[in-house]
Amino acid sequence: MKTIVLGYPRVGEKRELKKATEKYWKNDISEDDLSTITRQLREKSWRTQQNQGIDLISSNDFSLYDQVLDMCITLGCIPERFKNLGGLQQYFAMARGHQANGVDATAMEMTKWFDTNYHFIVPEFIKNQVFILNSEKIVNEIQEASELGISSKPVIIGPITFLLLGKEKEEGINRLELLDEVLPVYKQLILEIDKHGVDYLQIDEPILATDLTKEEQLVFARSYDYFSKINVDLKFILANYFDCYGKNLELALKLPVHVLHIDVVRCSLQLNDILDANLLGDKILSLGIVDGRNIWINDFEKSLALIEKAKSKLSINQIWIGTSCSLLHVPYNLELEENNTQLNSEVKQWLAFAKQKLQEISVLKQLVINKKNDAVVSLFVKNKKANESRKVSALIHNNIVKRRVDKLTLADSERVSQFSMRQVLQRKELRLPLFPTTTIGSFPQTKEVRKTRAKFKKGEISQEEYDAFIQKETEETIRFQEEVDLDVLVHGEFERNDMVEYFGEQLEGFVFTKFGWVQSYGTRCVKPPIIFGDVSRPKPMTVKWSAYAQSITKKHVKGMLTGPVTILQWSFVRNDQARSVTCNQIALAIRDEVIDLENAGVKIIQIDEPALREGLPLRKEDWEAYLHWAVNAFKISASAVKDETQIHTHMCYAEFNDIIESIAHMDADVITIETSRSEMELLKAFVDFKYPNEIGPGVYDIHSPRVPSQEEMEYLLDKASSLFPDGNIWVNPDCGLKTRDWPETKTALKNLVQSANRMREKVSYVA
Ligand code: GLN
Ligand code: ZN
């Protein structure tokens, strides 16, 4: 029984890779320096895995930016606009764009890797796409490992996942038709890898966790048949993760590979199907039993039962155990949290980061093959005790919260009256002009804001000094908005570092790590909060600044909250109860905050849900159940107010066309939504469906420093006006302004107000 790790994090325990790469971009260090640092990082993670007795350690799981981008390079799938560049310059240009010496090449698109918060670079395909092998990186890493005495298992992305994740950049082609072009290059690659004496090659095909068409299944079979005929000694591991094989199971079982990996964490039930099908033959079954997506310790007792089940049908040599997916998605090492006073030892005993997960895998193996060993038995007992303590811990379980969730009824998710009625009452109450203007919440977070917050966190300035600073920023921002003459103001969110962290820090049931970094994309890392216990709100979280802002202006100031689904989605969530239950707990905390804001005189409250769509399951058949509880959680948070109080929501980062009905079911009075980059393409869906409530299609793309003109925004508003009743249209940027600078923001918002004015003139003209 071998142990296998599908991949290891690569940014470095202290984000060394991020720091080095960013220095390299600034020309502060040379390419040689960078490669020395990356070599050290790889050595360290290989050694860590080796020391924990892992049998199958990955190579080529390292990446300077992204593994899909690496695969593009390996297959020579390089868009024309980067062809004049070479080496690292080309590589980073593909990821980040390149503007120099008359070359102006926009970056390749980036999108989420399945249902994770990791973003990959989307491969681009054209009509006569050529693929050419470049095996340098893979071969180098295999050699590097072997020089350190480690016989590694290289990992690559399989052809079907690679093609299906990519995008056709020209009309009239279908990316699957490129299969015959790409397969021979894969063959060369496999031959090349085989020359370097590796025993196993891991081919990742997580696309198997999604719905595949008949055609896609057929090309799958064809590709792997083709691979099986290549004359090599190495053996193939086919890795699927993040969900079951589902309807692709029969296909997967029949593929001529030596090892089939399943994500047992996500689908322990499918293990039965696989064992019962009796189709494995002499294939090895790799059980991904240690969770690569979350930070909780394994339940050894449960895992052993699953392994026993496998043992009842398979010989022990036919069973491997390992991580459910790559450990890329969890932080490095819990030991680094030693001085984290927040993370008390009770919570800590329930956590396992990447390094701890390695140990879990090897302990599990020992428990299977070496049951009587005292040391292992005591680790088993420790694990059992920790898991049992979690079930009853007073730190986690808050009966008041549980009872509140149990008692929720349908009425708690509904406003008093329906929208058409509320709209009338809100118009009376708020007295806003036609085409009301607003922003999404945050205003520029300047260096000064960030510096002052850092100083406060380090204790270098007092609470009073910090508050005085925030107050000054808020006041200036209110005056600024009055000056540009926006209709609905915001307080600017200067007190917030991050839209989830800010709330998590004030809620019970959350903890934060010091070094729990996880790669989000390229050199960007995030430190997701950990939701370990029942969530409750000890006291108001946002009322102070919202009420202050409202007190200094006659205009309406919009209260600003992060919604329950987004808080859930961007955290590590406890695995001892359904996500929907945790989400409802957060929803209740936000609901209380909404009520407090209303009582403080705030008449418009925005509850941001940019991550609603991200939570969608990989398989369509599971969408409905998810959307049902997610939308309901939002409604719980939003529905306790009187009809006159206007609830806004905001969404961005995604295409929403396919979930438009659910968005309507959220029943927010107003939705502000990102659309400007797709020239309001998105809005078509809102029209086909006749989106019933008010809507603010983003007319100013805040992701770029360019200032949109009044005419541009007016053009977009004209479009919106042809699609929706004028009385339902809001005028706003497409997201928060926190990453922008003040001067450009000023000009852009002046133009935005102008465009709304123009729209008003036109309407009164017609009338
Ligand atoms: N209110 C938040 C802001 O303006 C919304 C951010 C987001 O949509 N990601 O920053
Ligand atoms: Zn946004």
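Among the residues of segment 454-463 satisfying the criterion of being in a loop (DSSP other than H, G, I, E, B) and not basic (Lys, Arg), which is surrounded by the most Cβ atoms within 10 Å (Cβ to Cβ)?
First, pick out the residues of segment 454-463 that are in a loop (DSSP other than H, G, I, E, B): 458-462.
Pick out the ones that are also not basic (Lys, Arg) and you get 459-462.
Values: Gly459: 7, Glu460: 11, Ile461: 17, Ser462: 10.
For segment 454-463, the residue satisfying everything is Ile461.
I need a count of the residues in segment 221-248 that are crowded, with 19+ Cβ neighbours inside 10 Å and either farther than 23 Å from Gly7 by Cα or acidic (Asp, Glu) (or both).
4
Say whether the condition of being small (Gly, Ala, Ser), surrounded by fewer than 23 Cβ atoms within 10 Å (Cβ to Cβ) and over 18 Å from Gln506 (Cα atoms) is met by at least one residue in segment 555-573. Can you show your working first?
From segment 555-573, those small (Gly, Ala, Ser) are 559, 563, 571; that's our starting set.
Filter once more, keeping what is surrounded by fewer than 23 Cβ atoms within 10 Å (Cβ to Cβ): 571.
Filter again for over 18 Å from Gln506 (Cα atoms), leaving none.
No.
Tell me, yes or no, whether segment 440-448 has at least one residue that is under 28 Å from Glu761 (Cβ atoms), in contact with a strand residue (DSSP E or B) (Cβ under 9 Å, 6 or more places away or on another chain) and more than 16 Å from ligand 2 (Cβ to nearest atom).
No.
Residue-wise test of (1) assigned to a helix (DSSP H, G or I); (2) under 18 Å from His329 (Cβ atoms); (3) of a type in the set (A, V, I, L, M); (4) touching a helix residue (DSSP H, G or I) at 6+ places or on another chain (Cβ under 7 Å).
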site	(1), (2), (3), (4)
Ser35	yes, no, no, no
Glu43	yes, no, no, no
Gln50	yes, no, no, no
Gly53	no, no, no, yes
Asp61	no, yes, no, no
Leu69	yes, yes, yes, yes
Ile78	no, no, yes, yes
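Using beta carbons and a limit of 6 Å, which pairs, at least six apart or on different chains, have the first residue in segment 182-200 and under 22 Å from Gly7 (Cα atoms) and the second one small (Gly, Ala, Ser)?
Within 6 Å, the pairs are Leu189/Ser135; Glu192/Ser135.
Scan (1) under 30 Å from Arg496 (Cα atoms); (2) more than 16 Å from ligand 1 (Cβ to nearest atom) for the single condition Ala668 breaks and write down its number.
The number of the failed condition is (2).
Among (1) closer than 30 Å to Pro528 by Cβ; (2) assigned to a helix (DSSP H, G or I), there is one condition Ile142 misses while meeting the rest; what is its number?
(1)
Given the conditions (1) in contact with a Leu (Cβ under 9 Å, 6 or more places away or on another chain); (2) at pLDDT 95 or above, which single one is not true for Ala277?
In the conditions (1) in contact with a Leu (Cβ under 9 Å, 6 or more places away or on another chain); (2) at pLDDT 95 or above, Ala277 misses (2) alone.
Tell me, which strands (runs of 3 or more DSSP E) wholly within segment 464-564 include 1 or more residues that are touching a strand residue (DSSP E or B) at 6+ places or on another chain (Cβ under 6 Å), within 30 Å of Val731 (Cα to Cα) and modelled with pLDDT of 95 or more?
On the way: elements: 508-511, 518-521, 524-526, 530-536, 556-562.
Those strands (runs of 3 or more DSSP E) span 556-562.
Hey, can you tell me all the residues within segment 478-494 that are out of contact with any Asp or Glu (no Cβ under 9 Å at 6 or more places or on another chain) and more than 21 Å from Pro433 (Cα to Cα)?
Glu493
Of everything in segment 311-334 that's surrounded by 21 or more Cβ atoms within 10 Å (Cβ to Cβ) and hydrophobic (A, V, I, L, M, F, W, C), which residue is farthest from Pro206 (Cα to Cα)? Steps first, answer last, please.
Restricting attention to segment 311-334, the residues satisfying the condition of being surrounded by 21 or more Cβ atoms within 10 Å (Cβ to Cβ) are 320-332, 334.
Then drop every residue that is not hydrophobic (A, V, I, L, M, F, W, C), which leaves 320-321, 325, 327-328, 330, 334.
Numbers: Trp320: 19, Ile321: 18, Cys325: 9, Leu327: 15, Leu328: 15, Val330: 18, Leu334: 28 Å.
Among those residues, the one meeting the criterion is Leu334.
Across segment 279-331, what is the total count of residues that are in a helix (DSSP H, G or I), among the charged types (D, E, K, R) and touching a helix residue (DSSP H, G or I) at 6+ places or on another chain (Cβ under 7 Å)? Show your work before the answer.
So the first thing to find is which residues in segment 279-331 are in a helix (DSSP H, G or I), and the list is 300-313, 316-318, 327-329.
Applying the additional criterion that residues be among the charged types (D, E, K, R) yields 301-302, 308-309, 311, 313.
Checking the rest, the ones that are also touching a helix residue (DSSP H, G or I) at 6+ places or on another chain (Cβ under 7 Å) come to 301, 309, 313.
Looking only at that region, the number is 3.
Out of everything in segment 621-660 that is of a type in the set (S, T, N, Q) and more than 16 Å from ligand 2 (Cβ to nearest atom), what residue ends up being surrounded by the most Cβ atoms within 10 Å (Cβ to Cβ)? I'd like the intermediate steps shown before the answer.
Here is the first cut: in segment 621-660, the ones of a type in the set (S, T, N, Q) are 632, 637, 639, 645-646, 649, 657.
Checking which are more than 16 Å from ligand 2 (Cβ to nearest atom) leaves us with 632, 637, 639, 645-646, 657.
Working: Asn632: 23, Ser637: 31, Ser639: 19, Thr645: 24, Gln646: 25, Asn657: 15.
Restricting to residues being of a type in the set (S, T, N, Q) and more than 16 Å from ligand 2 (Cβ to nearest atom), the top hit is Ser637.
List every residue pair whose Cβ atoms lie under 7 Å apart, where the two residues are 6 or more positions apart in sequence or sit on different chains, the first residue falls within segment 605-632 and is in contact (Cβ under 8 Å) with a residue 24 or more places away in the chain and over 19 Å from Asn657 (Cβ atoms), and the second residue, located anywhere, is charged (D, E, K, R) and within 16 Å of ligand 2 (Cβ to nearest atom).
Sorted first by the residue in segment 605-632, then by its partner, the pairs are Ile605/Lys558; Gln606/Lys558.
So Thr649 fits all but one of (1) touching a Cys at 6+ places or on another chain (Cβ under 9 Å); (2) modelled with pLDDT of 90 or more; what number is the exception?
All conditions pass for Thr649, except number (1).
Of all residues in segment 682-701 being acidic (Asp, Glu) and surrounded by fewer than 20 Cβ atoms within 10 Å (Cβ to Cβ), which is farthest from the chain's Cα centre (by Cα)?
So in segment 682-701, the residues acidic (Asp, Glu) come out as 688, 694, 701.
Narrowing the set further to residues that are surrounded by fewer than 20 Cβ atoms within 10 Å (Cβ to Cβ) leaves 688, 701.
Details: Asp688: 29, Asp701: 21 Å.
The residue in question is Asp688.
So, Gln359, is that one assigned to a helix (DSSP H, G or I), farther than 13 Å from Trp296 by Cα, touching a residue at least 24 places away in the same chain (Cβ under 8 Å) and not charged (D, E, K, R) or not? Even if it seems obvious, please write down each step before you answer.
Values: assigned to a helix (DSSP H, G or I): yes; farther than 13 Å from Trp296 by Cα: yes; touching a residue at least 24 places away in the same chain (Cβ under 8 Å): yes; not charged (D, E, K, R): yes.
Criteria met by Gln359.
Looking at (1) of a type outside the set (Val, Ile, Thr); (2) within 16 Å of ligand 1 (Cβ to nearest atom); (3) at pLDDT 95 or above, can you tell me which one Glu598 breaks?
Looking at each condition in turn, Glu598 falls short on (2).
Out of the residues in segment 468-500 that are under 15 Å from Thr562 (Cβ atoms) and within 16 Å of ligand 2 (Cβ to nearest atom), state the one that is surrounded by the most Cβ atoms within 10 Å (Cβ to Cβ).
Initial filter on segment 468-500 (under 15 Å from Thr562 (Cβ atoms)): 490-491, 493, 495-500.
The next check asks that each one be within 16 Å of ligand 2 (Cβ to nearest atom); those that pass are 490, 493, 496, 498-500.
Values: Val490: 27, Glu493: 25, Arg496: 24, Asp498: 15, Met499: 23, Val500: 22.
Selected residue: Val490.
The values are calculated or read from the model by the stated rules, or taken from the named source; none is laboratory data. These numbers were taken from a predicted model, which means no experiment stands behind them. Don't worry about glycine lacking a Cβ; one is built from the backbone with ideal geometry, like all the others, and counts go over all protein chains shown.
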